[in-house]
1. Looking only at the stretch 82-106, how many residues end up being surrounded by fewer than 18 Cβ atoms within 10 Å (Cβ to Cβ), at pLDDT 90 or above and either charged (D, E, K, R) or over 30 Å from residue 165 (Cα atoms) (or both)?
2. How about the stretch 44-89: which of its residues are in contact with a Ser or Thr (Cβ under 7 Å, 6 or more places away or on another chain) and either outside any helix (DSSP H, G or I) or at positive phi (or both)?
3. Condition first: of a type in the set (Ser, Thr, Tyr) and under 30 Å from residue 22 (Cα atoms). Now tell me which residues in the stretch 50-89 satisfy that.
4. Over 29 Å from the mean Cα position of the chain (by Cα), touching a residue at least 24 places away in the same chain (Cβ under 8 Å) and in the same structural domain as residue 112 (by TED's automatic domain parsing), is that true of residue 25?
5. Looking only at helices (runs of 4 or more DSSP H) that lie completely in the stretch 140-208, which have at least 3 residues being exposed (fewer than 14 other Cβ atoms within 10 Å of the Cβ)?
6. I need a count of the residues in the stretch 108-128 that are assigned to a loop (DSSP other than H, G, I, E, B) and of a type in the set (Gly, Ala, Ser).
7. List the residue pairs whose Cβ atoms are under 7 Å apart, where the first residue sits in the stretch 189-214 and is touching a residue at least 40 places away in the same chain (Cβ under 8 Å), the second is of a type in the set (Lys, Arg) and surrounded by 11 or more Cβ atoms within 10 Å (Cβ to Cβ), and the two are 6 or more positions apart or on different chains.
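The values are calculated or read from the model by the stated rules, or taken from the named source; none is laboratory data. Being a predicted model, the structure only gives us computed values, none of them experimental. For neighbour counting, all protein chains shown are included, and Cβ atoms are generated from backbone atoms with ideal geometry for every residue, glycine included.
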Amino acid sequence: MAIPSYDMSCFKLPPKLCSKIKGMMARYWWGQKKEERRKVNWISWKKLCSSKFVGGMGFKELEVFNMALLAKQAWRLLQEKESLFHKMYAARYFSDGNLLTASLGRNPSYAWRGIWEAKSLLVQGGRWNVGDGSLIHILNDVWIPGFRNLRQELGTEQSSKQLCQLDNQVLSLTDPSTKWWDIAKVRSLFNPNIVNAIIRLHLSHTGAIDHWMW
């Protein structure tokens, strides 16, 4: 299991290769002294890959493990923006500095293909943490706990005038004088459930920038 770990942290391995490695692990685990004897799989591989806390052996599902390691690389690109790693990839693939909206691009490297595919895991499991609200789009980004798709949640209840106001950054929902939510504006734009979720979010009073969180 340890041998391919480094490669899996850099590249997305083909499914056939993962299957072959899994077969090698299974043959070793269920192997007999005499190679000509047929190996008996006494329990499913999926069960063996379960955690030891629930009765499994803690083996890795290689394709899932591979994507998890690549997602860690994508997380590094999000968090370590002063690193050479980030600067090189940003210059080549997302010059606007936003990894989450980056496209695959033309003639991408094999390493970038894996990271680009794995970043979808960060999108699914993370959200924006509101600092001053200047980097977060109200409708297009995930920033309200419990509401992954705000456009879908609002449906057709918004008027064209209200939608125009929502096509903006989260900063537009705050009061510059108090550096807190403009409660009257928030209540005029959203239903009570969304309003309650928004006003529970603590804005930064020190000018901290927005950042992605898991």
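1. Of the residues in that region, 10 qualify.
2. Within the stretch 44-89, 56, 58 meet the criteria.
3. 50, 51, listed by residue number.
4. For residue 25, the condition - over 29 Å from the mean Cα position of the chain (by Cα), touching a residue at least 24 places away in the same chain (Cβ under 8 Å) and in the same structural domain as residue 112 (by TED's automatic domain parsing) - is met.
5. Correct list: 160-166, 192-199.
6. Residues flagged as assigned to a loop (DSSP other than H, G, I, E, B) and of a type in the set (Gly, Ala, Ser) within the stretch 108-128 amount to 2.
7. Final answer for the pair search is 203/179; 213/127.
Let's see how each residue does on (1) basic (Lys, Arg); (2) within 30 Å of residue 140 (Cα to Cα); (3) without any contact (Cβ under 8 Å) to a residue 24 or more places away in the chain; (4) touching a Leu at 6+ places or on another chain (Cβ under 8 Å):
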site	(1), (2), (3), (4)
13	no, no, no, yes
42	no, no, yes, no
56	no, no, yes, yes
67	no, yes, no, yes
94	no, yes, yes, no
100	no, yes, no, yes
